[in-house]
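Every number in this text was worked out from the coordinates using simple rules, so none of it is lab data. Everything numeric in this text was worked out from a predicted model, so none of it was measured. Cβ atoms come from the backbone with ideal geometry, glycine included; neighbour counts cover every protein chain shown.
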Amino acid sequence: MSAAPPNEPPRAPDIPQSHEDGPPSQEPSIWDVPDRFRAPDDWDAHAKAGEAQEGTDTVVRRPPARTTSAPSAGRRRLLIIAGAAVLLLAAVTATAVALTRGDGETAVGGAGGATQATAVAAEPSRAVVPILMYHLIADAPADAAYPELYVRPATFARQMRYLHDEGYQAVSLGRVLDAWAGEATLPDRPVVISFDDGYPSHYLVAAPIMQEYGWKGLLNADWKVLDESPRLLAQVRLLAVAGWEIGSHSLTHPDLTTLDAAQLKDEVAGSREVLREQLGVPVDFFCYPAGRYDDEVVAAVEAAGYRGATTTDRGFASRDEPFRLKRVRVSDGLSPAQLVAALRSDSP
Ligand SMILES: [Zn+2]
């Protein structure tokens, strides 16, 4: 297997650094989340102005209400926000109860999450599944080195809403592999929503938007970034508690094909170990940094006990290649209709 093209640029330079972060001012709590459900008075103007930048955003921008310019739009929006906060609280409580019971599988697509992915005797599914690939959910600064890594919050919200309205349901990658093994079922239109590297906007922006539909994501985190930022680590812990899947994106995001065997094992097995220990969740999936892998790297990932691995190779994920799972890169310029059209095509 030839290596994937190096089509994932290096980490965007505008991530918050640890010295800017400082320790959290207080112990973070999952109950803080509803306080972040504050929408700006004028969503669109706010989005255009790009006031809230990655890393400094304390305001979670909500998708615009479907109604426009009705006199009661502001009040209605407040009600929607309050309702969403209540739903999130309910979801968090349910997740906590499930975790307490040792019932780890909580990532279930669909609003309401009524269908639990418990062990189901089923024919092994042969479905190919789209795995969306995102990086930052933020406005790209004018001087961004890699503007293609940014999807604006309003764009992301529209994409999620459109997927939902078109019948898609976000599922965990674990559920996809379970279905391929005949141990779970999939909805008619499953989609896995993955985020690479670990940015504040995953927790602050993407998670609340996805929570409107009861959806969880797959966060591929590289340990060094979390280790350097107590705030980011706290955010990723909250996502894990809320039922997001955490995947390993290595320790230091190197080109794994250039390492010797000991370094490779460190990056692949070592990152799984530290993430499991620090986050208290299974870390069942690996994501090749910069999309770089070869047979030796794949063998190291299998040896470390992962169930599968995601690449930056374009396409749908197939049960025939669990350690070379293809993904669909989503850009800001992709309209929701174009995204769905791509997911319905033979080759996205
Ligand atoms: Zn990466």
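Which residues, taken from the stretch 271-303, are in contact (Cβ under 8 Å) with a residue 24 or more places away in the chain, among the small types (Gly, Ala, Ser) and more than 10 Å from residue 247 (Cα to Cα)?
Listed by number, the residues that qualify are 280, 290, 291, 300, 303.
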Has the stretch 144-163 got any residue that is in a loop (DSSP other than H, G, I, E, B), among the hydrophobic types (A, V, I, L, M, F, W, C), buried (at least 24 other Cβ atoms within 10 Å of the Cβ) and more than 16 Å from the ligand (Cβ to nearest atom)? no
Of the residues that make up the stretch 181-201, is at least one more than 16 Å from the ligand (Cβ to nearest atom) and part of a helix (DSSP H, G or I)? no
Return the residue satisfying two criteria in turn: it lies in the stretch 214-245 and is among the charged types (D, E, K, R) and surrounded by 23 or more Cβ atoms within 10 Å (Cβ to Cβ), and of such residues it is farthest from the ligand (Cβ to nearest atom). 216
Taking residue 225 as the residue in question, decide whether it is closer than 18 Å to residue 324 by Cα, β-branched (Val, Ile, Thr) and in contact with a strand residue (DSSP E or B) (Cβ under 9 Å, 6 or more places away or on another chain). no
